[in-house]
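Working notes, beginning with the structure itself.
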Amino acid sequence: MKPLQLFWRNWQNRVAVYFLAVVMVISAGSKFIAAIDPNYFDPAHIYPVAPNAHHWLGTDDMGRDILFRLIAGAQVSFSIAIMAVGISIGVGVILGLIAGYWGGWIDACLMRIVDFLMAIPTIFLILVIQSILNPNIVTVMVVIGLTSWMDVCRMVRAEVMSIKERPFVLAAQARGIRGLRLILVHIFPHTLSPVIVAATLGLGGAILTESVISFLGLGVQPPYASWGNMLENSLAYMNDAPWMILSPGIMITMTVLVLNVIGDGLRASLNPKENYVKSS
Amino acid sequence: MLKVRDLVTQFRVDDHTVYAVDGISFDVQERQLVGLVGESGSGKSVTALSILNLLAHNGRVVSGDIEWQGNSLRNRSQKEWTQILGREIGMIFQNPQASLNPVFTIGDQMIETIRLHTKCNKAEASEKAISLLRQVNLADPELRMNDYPHQLSGGMCQRVMIAMTLSMSPRLLIADEPTGALDVTIQAQIVRLLASLNESLGMSVLLISHDLGVINQFCDYVYIMYLGKIVEEGPPKLIFESPQHPYTQALLAAVPSVHSNHTYSGMVVSGEIPSPINLPTGCRFHPRCPFAMDRCTLAVPELYPVGDGKAACFLVESSN
Amino acid sequence: MKLAPGDPASFLMDPQMKPEAREQFRRDWGLDEPIPLQYAKWLNQAVNGNLGYSLISHQPVSDAIADRLPATLLLMGVSFALILIISLPLGVWSGAKKGSVFDRITMLTSFVGFSIPTFWLGLVLILIFSVKLNWLPTSGMQDPMLTDAALPQKIADIAKHMVLPVLTIVIGGLAGLTRYHRFGTIQVLSQEYILAARARGIPEWRILYIHALKNAALPLITIMGIQLPALVGGSFVIESIFGWPGLGQLGISAVFARDYPILMGILMMSSMLIVVGNLAADFCYAKVDPRIRTRI
C-alpha cells in the first residue's frame, strides 16, 4: 500500500488533517471579513469582559475580542512556524548532506559545532538573542529556525552516511556520476521521508517555542496577535479573567497535538516496519 | 508422550490471516529423538511455539489438540504453564547468543533458573550450575559463570542454553534449529551432545532442523514439513533411501551429498517457496512439482501409508 | 547595538543623566568597545575564574550564581527523580500490555502532555490550585513570615511551595520519557532472550521487571542526556513563572535587564550542567551495559 493511503486509513490522522485545514482556512479567510478586527476595542470597556453572546470567548485586558485575536494569531503563529521550520530544515539538510557526504575534517568541525549548540538550553539562548535584537516577527522566525537545525543535521548526516555505502550509490559512482549530481539526484531523495517527519514535528515545536518567547514579551510584539503574546498579560488578570489564559493555551495544545499526530502517522506510514523507537 | 493432532495456528498480519501451521499431526514417544524438517517458512518453529503457548501476540492456535502425558495442553492457565515450561518441556533456540540476556552474566541467568525450580541458596545453585556446565562440556565453567553472553562464542552459548534447560530436567527438549547459527564443526558437536543426553538421560528430543545429514544420523523418526503441512513421515532409513513425496525427493537432491549415493539429480525444484499469505490451492507443492497433475490443483492429498511411513501425494495413493 | 533599545546603559542610568555622563558610564563599564573585543575580554577573565560583575546589583556573577544554584538544583533534582520514577513503570507496563485500554489511555495522555506548552500548564495549575482553590502558594520558595520558624516547619513550607512547579515540570517531562520506555519495552520484549526466558518457565513479572527492564533502561540513559537541555531550558521558564529563586529566574530577569555578565555566566553554567549530565549519562551507560564495559 502507498504511504499516503496507509496514512489516510487511520481515523486519527484524518481528524488531525481536517482540524488543521479548518484552522488554516478560517485564519486565512478572516482577512477578507471586515467584521473580524483583532485590534478593535470599545473605549468604554478597556478591561476584560467575560465570554458572552457578543464576545464568544470574552475580551482581553484591552477589551479586544479574544476569538478574533485567536484567529489572527493563528496566522502569525503558523507563518512563524512554517518559516522557522523552513530555515531549520534548509540549514540542517544542507549541512547534514555536506557532513555526511564529505566526512573528514568538514564533518568533524560541523559535528563539534552541533554538539556545542546542543549543549545550550535552546529557549534561554533564544531569549538572550531576542533581548539583544529588536524583537519582531521576522527575528522570531529566524532565531527559532537557526537554533533548531541541529537534530535535522545529525539525522540527515547519519542517513547519508548509510546511503552512500548502498549498492545503488556505488553503481551510480561507477557510471561516473559524482559530486553535486550524485548528492542531489541519488542520495538526497532517500533522506526525504525522515526529513518530512522531522518537519511536521518541527512545526509543533516551533509553535511551542514561539508561544514561550512571546509570552515572556520577547517574541511577537503588539499590535500583532500571536497565541503566545495573548498570554503575556494573563498572569496579572488571573483572578479576574481566567478566560484570557484558557483559550489561547487550548488552541496551542490542540494544534501541536494535531501536528504530532500527523508527524507520528507519517512516520508510521513511511516506514511501516520501523518500530519508531526514536520518536522525539 | 507428546501427541499433536490437527494443529492449526494462524497469524494476523495487517489485514491478512496467515495459516502458518495448517492441520498437522505428529507424536514424540518416550526416549525418542524425533526430527522435524522443512525449509524456512514451512512452519516448523511456529509448531514448536504453538506447543509451548509462546506464540507472539498476533498468533494463536485455532484448532486441534496438543496432548502431553495424556492431558491437553490447550487452555491452561498462566500458572500451570510456569510449571510445564522448562520443567516438563524445555526449549532451545536457533540463535544461542540472542537467547541469553545480554546484560546479565551466565552465572546470574543459570542461578535464576535453578533457584526457580529447586529450593536452594545461591551457593548451592552456583555449584549446581558449574556441574551442569561441566556436563555439557563447557571449558572452564567456573570462569564462564562471570562472563557475559557477548564474551562467549555461539557454540559456548548453546551449551549454556542446554545446561540451563537440563537444570530443570525436562522430559522433552524441543530444539529449534539449535545449530542454525553455528559453524559446521560446532554444529556436529552440539547435535552429538543432544543425542548423548537423549541416550543417557532418557530425555525425548524434538529436533527441528533443515540439516538433513544431522536428521538422518540421529533421529528415530522424521517428519517433513512444507508450507504448514506435513508432507511425509517415517523412519529416517525409509525417508532417505526411498523418499516418496516429490518435495522430499527435491530436498534430498538439493543436498550435495557426501555419504549417500542416492542422488535425485533429475529433481530440480523450480520457483520460490510461495508466500503463506497467498497459498496455492490443492496440494501446496503443485506449482513447483514436476509431476503435478490436474487433480493436484484441486484436492488436498491426505497422508497415505507407504511401508513404515506416510506420504501426502496422489502419486503414492495411486501406486498403492 | 548602540541603536538597539536594549542597551544596558540606557536601562541602568537615570534618563535625566547628561549625555557626557552617559558616555563616561559606558567607558567605565567597557560598553563602548566593539562586541568581539568585549567577548574576548570576558572569555579571558572567565577562564581565570572571574565571570565579572552584574551590571545591576554589582555583585560578582559567580556569587550571584552560587546564591541561586541550590534552589535550581533542588527543583530540578526532585522533578527529574519523579519523572524517572513515574515514567519507568508506566512505560514498561504500557509497552508490555501494548494495545490494551491502559496502554491506549497512557499513550493518549502522553501525546497531550507532549503538546501542552509547559509554561501554560503552569499558569493553569496556578489558576486552579492557588487562585481558585487557594490550596497552595502562587510563587516563591519560602513564606517570609516563617523565616524564624523551626526547621521541620521550614522544610514543610518549602515543600508546599515546590508542589506546583515540580508538578508542571514533571507533567511536561513525563510524556516523552514514558513513550521512550514504552517503545523500548516493546522492542526488548520481542527479543529472543525474552522468548527463551519464557520457555524456561520464568514468571511474567520477573521477565518484565528484571529481564526486560534492565535492557529497556539502557537507551533511556542516553535519552535523558539528549532531553536534558530542553528540560533545563523549560525549567528556567517555569522558575520565572513561579517566582522560584533559582538560576532560571535570575536568568530571565537578567534577559530583561540586559545584564550580560549574568547572562553569560548562566549560559556557561547551564551548558556545563548539561555537559556534566551527558558525561554522567555516558558513565552510567558504560556501568550498566556489559557490552560497552569490556570495550573500554
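The values are calculated or read from the model by the stated rules, or taken from the named source; none is laboratory data. Nothing here was measured: the structure is a model prediction, and the numbers come from that model. In this analysis, Cβ positions are derived from the backbone assuming ideal geometry, glycine residues included, and neighbour counts consider all displayed protein chains. Keep in mind that these areas ignore ligands, DNA and RNA; they rest on the heavy atoms of the full protein, side chains included. Shrake-Rupley method; radii C 1.70, N 1.55, O 1.52, S 1.80 Å.
Some observations on this one:
- The residue that is surrounded by the fewest Cβ atoms within 10 Å (Cβ to Cβ), among those in region C:227-260 that are more than 8 Å from every other protein chain (Cβ to nearest Cβ) and of a type in the set (S, T, Y), is C:S253.
- For region A:167-182, the criterion of a residue being more than 14 Å from every other protein chain (Cβ to nearest Cβ), open to solvent by 20 Å² or more (accessible area, probe 1.4 Å) and at positive phi is satisfied by at least one position.
- Within region A:121-150, residues that are within 13 Å of chain C (Cβ to nearest Cβ) and part of a loop (DSSP other than H, G, I, E, B) have Cβ atoms under 9 Å from residues that are open to solvent by 10 Å² or more (accessible area, probe 1.4 Å) and among the aromatic types (F, W, Y) in these pairs: A:N136/A:Y224, counting only partners at least 6 apart in sequence or on another chain.
- Test for A:T255: is it open to solvent by 10 Å² or more (accessible area, probe 1.4 Å), in contact with a helix residue (DSSP H, G or I) (Cβ under 8 Å, 6 or more places away or on another chain), touching a residue at least 24 places away in the same chain (Cβ under 8 Å) and within 14 Å of another protein chain (Cβ to nearest Cβ): no
- Residue within region A:26-36 that is open to solvent by less than 60 Å² (accessible area, probe 1.4 Å), of a type outside the set (G, A, S), farther than 23 Å from A:N239 by Cα and under 28 Å from the mean Cα position of the chain (by Cα) present: yes
- Index of the failed condition, B:I92 passing every other in (1) touching a residue at least 40 places away in the same chain (Cβ under 8 Å); (2) among the hydrophobic types (A, V, I, L, M, F, W, C); (3) at the interface with chain C (Cβ under 7 Å from one of its Cβ atoms); (4) within 21 Å of B:Q29 (Cα to Cα): (3)
- Inclusion of A:I163 among residues that are more than 10 Å from chain C (Cβ to nearest Cβ) and over 30 Å from A:S77 (Cα atoms) is warranted.
- Taken over region A:47-61, the criterion of being free of Cβ contacts under 8 Å to residues at least 60 places away in the same chain and buried (at least 17 other Cβ atoms within 10 Å of the Cβ) is satisfied by A:V49, A:H55, A:T59.
- Cβ pairs under 7 Å, 6+ apart, first in region B:298-316 and over 20 Å from B:P235 (Cα atoms), second of a type in the set (G, A, S): B:L298/B:G282; B:A299/B:G282; B:V300/B:G282; B:P301/B:A312
- Test result for C:A159, of a type in the set (G, A, S) and either within 14 Å of chain B (Cβ to nearest Cβ) or open to solvent by 40 Å² or more (accessible area, probe 1.4 Å) (or both): yes
- Scanning region A:195-234 for residues that are over 14 Å from A:G73 (Cα atoms), within 12 Å of chain C (Cβ to nearest Cβ), in a helix (DSSP H, G or I) and of a type outside the set (A, V, I, L, M, F, W, C) gives A:G204, A:G205, A:T209.
- The residues in region B:237-252 that are surrounded by fewer than 24 Cβ atoms within 10 Å (Cβ to Cβ), in a helix (DSSP H, G or I) and not hydrophobic (A, V, I, L, M, F, W, C) can be counted, and the count is 3.
- Taken over region A:151-181, residues that are in a helix (DSSP H, G or I), more than 23 Å from A:A119 (Cβ to Cβ) and not hydroxyl-bearing (S, T, Y) amount to 14.
- The set of residues in region C:125-143 being open to solvent by less than 30 Å² (accessible area, probe 1.4 Å) and either without any contact (Cβ under 8 Å) to a residue 60 or more places away in the chain or among the hydroxyl-bearing types (S, T, Y) (or both) consists of C:L125, C:L127, C:S130.
Rundown of residues vs (1) basic (K, R); (2) out of contact with any helix residue (DSSP H, G or I) (no Cβ under 8 Å at 6 or more places or on another chain), yes/no style:
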| residue | (1), (2) |
| --- | --- |
| B:C120 | no, no |
| B:A123 | no, yes |
| B:E127 | no, yes |
| B:R134 | yes, no |
| B:D140 | no, yes |
| B:C157 | no, no |
| B:I162 | no, no |
| B:P170 | no, yes |
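- Search result, residues across region C:191-226 that are facing another protein chain (nearest Cβ under 9 Å) and open to solvent by 40 Å² or more (accessible area, probe 1.4 Å): C:Q191, C:E192, C:R198, C:E204, C:R206, C:I210, C:K214, C:P219, C:I226
- Region B:134-179 - residue that is part of a helix (DSSP H, G or I) and among the charged types (D, E, K, R) and, of those, nearest to B:Q32 (Cα to Cα): B:R159
- Scanning region A:121-160 for residues that are farther than 15 Å from A:I213 by Cβ and open to solvent by less than 30 Å² (accessible area, probe 1.4 Å) gives A:W149, A:M150, A:V152, A:C153, A:V156, A:V160.
- Some residue of region C:252-259 being charged (D, E, K, R) and part of a helix (DSSP H, G or I): no
- Among the candidates C:L88, C:L121, C:L55, residue that is away from chain A (no Cβ under 14 Å) and either assigned to a loop (DSSP other than H, G, I, E, B) or surrounded by 15 or more Cβ atoms within 10 Å (Cβ to Cβ) (or both): C:L88
- Summed over region A:94-120, residues that are free of Cβ contacts under 8 Å to residues at least 40 places away in the same chain, buried (at least 16 other Cβ atoms within 10 Å of the Cβ) and under 28 Å from A:H186 (Cβ atoms) total 1.
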